[in-house]
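The values are calculated or read from the model by the stated rules, or taken from the named source; none is laboratory data. Since the structure is predicted, the reported quantities are computational estimates derived from the model, not experimental observations. Please note: Cβ atoms are built from the backbone with ideal geometry, for glycine as well, and neighbour counts cover all protein chains shown. Surface accessibility is based on the protein's heavy atoms, side chains included, excluding ligands, DNA and RNA. Shrake-Rupley method; radii C 1.70, N 1.55, O 1.52, S 1.80 Å.
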Amino acid sequence: MVSLPAAAWNAAGHRISAMVAWQTLDGETRAAIAEVLRQHPDFESWQAHANGADPDLTAFVEASTWPDDIRRDRRFYTAGVDEPTATEPGFPDMERHLHWHYLDRPLNPGARVWPSPGIIDRQLAALARIVGDPQEKISARAYALPWLIHLVGDAHQPLHTASRYALNGQSDNGGNQTTIINPFAAHPSMTLHRYWDDLPGPPWLRGSRLESAVDTLTSLYPRPASAGTPEQWIDESWRIARQHAYPLDGSAVPTISERFHESALAIARSRVTLAGYRLADILQHLFRAAEPQRKRP
Ligand SMILES: [Zn+2]
């Protein structure tokens, strides 16, 4: 079986993007988002992480990792691996949809490649359509919204849009099949994909520590003038992957140099911040479009 890419950005990266977005959103859009997220079947369980914080902010931040959290959730199943599980109220289906998280665009254009099942580009468009459509059932919008929040983050992780292909046409699954030595970690041997996932911060980052990390990042990286389109974000990620994602020291298992590490850290930090601003822009747009009709009698 082809092994699948692991989670993009660990939870820290997704929570940073969500917090940047929440701080960027206007109050009206926040309220409209909260109204939808309160209909999500897992809204109450997200509150276990509130620690006295605003329940709507908590839901938004926890929703950002929900598509990764269900990888370990036995209510859900992996198609082609597990038996389908019973559909629970509020969910359209219980599939984990691992192929929604990425795209395997070859880093060596023109290479003979095996077709990849990754469809993050198509899902970003499909989920945005559902979230922004007031005619959709509220349960469908509540299911699509955490996915949209999450996939905007994934689209900014360079190794979720690109793969290196061997001469036989086999992909390294976004660096999941490429091993590196990272001397800056406690356990230096890891996949290149994991190395990039962990750059934004530790997976337990929440609460006041998350807020101060976000304050630092938003002062370092200001909001761009325009959000661009998902195609552009994916294209940027692919270019970054091609130029900066792979350490090349001529050995089969390259070692991360200090210079490479500094450059990778700066890229990861700017990408998670940018993802947050863009998430705010896309949500503002979608909920503004949905609003006038929603209020019709
Ligand atoms: Zn993901």
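Values computed for the structure shown
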quantity: Carbon + sulfur, % of accessible area of the stretch 209-254 - ligands and nucleic acids excluded, 1.4 Å; calculated: 52 percent
quantity: Intensity falloff of the stretch 11-294 expressed as log10 I(q)/I(0), Debye formula with alpha-carbon point scatterers, at q = 0.07, 0.14, 0.15, 0.16 Å⁻¹; calculated: -0.26, -1.05, -1.20, -1.34
quantity: For a label point 7 Å along the Cα-to-beta-carbon line of Arg223, residues of the stretch 232-276 with backbone N under 13 Å; calculated: 274, 276
quantity: Where Arg71, Arg288 fall by accessible area, highest first, once all protein chains stay in place (1.4 Å); calculated: Arg288, Arg71
quantity: Highest average packing first - 277-287, 186-196, Cβ atoms within 10 Å; calculated: 277-287, 186-196
quantity: 5 angstrom amide H check on Met190, placed H, neighbours 5+ away; calculated: Ile180, Asn182
quantity: Segment Ala86-Ser263, length gained on full extension (0.36 nm per residue, minus Cα span); calculated: 59.1 nm
quantity: Taking the convex hull of Cα positions in the stretch 84-215, its mean projected area over all directions (nm²); calculated: 11.7 nm²
quantity: Normalised contact order of the chain, rounded percent, pairs of Cα under 8 Å and 6 or more residues apart; calculated: 28 percent
quantity: Accessible area expressed per residue, the stretch 166-297, with surrounding protein chains retained (probe 1.4 Å, Å²); calculated: 54 Å²
quantity: Virtual spin-label span in nm between Asp93 and Arg72, 7 Å along Cα→Cβ; calculated: 2.5 nm
quantity: Spacing of the two label points (7 Å from each Cα toward its C-beta) at His187 and Asp133, in nm; calculated: 4.4 nm
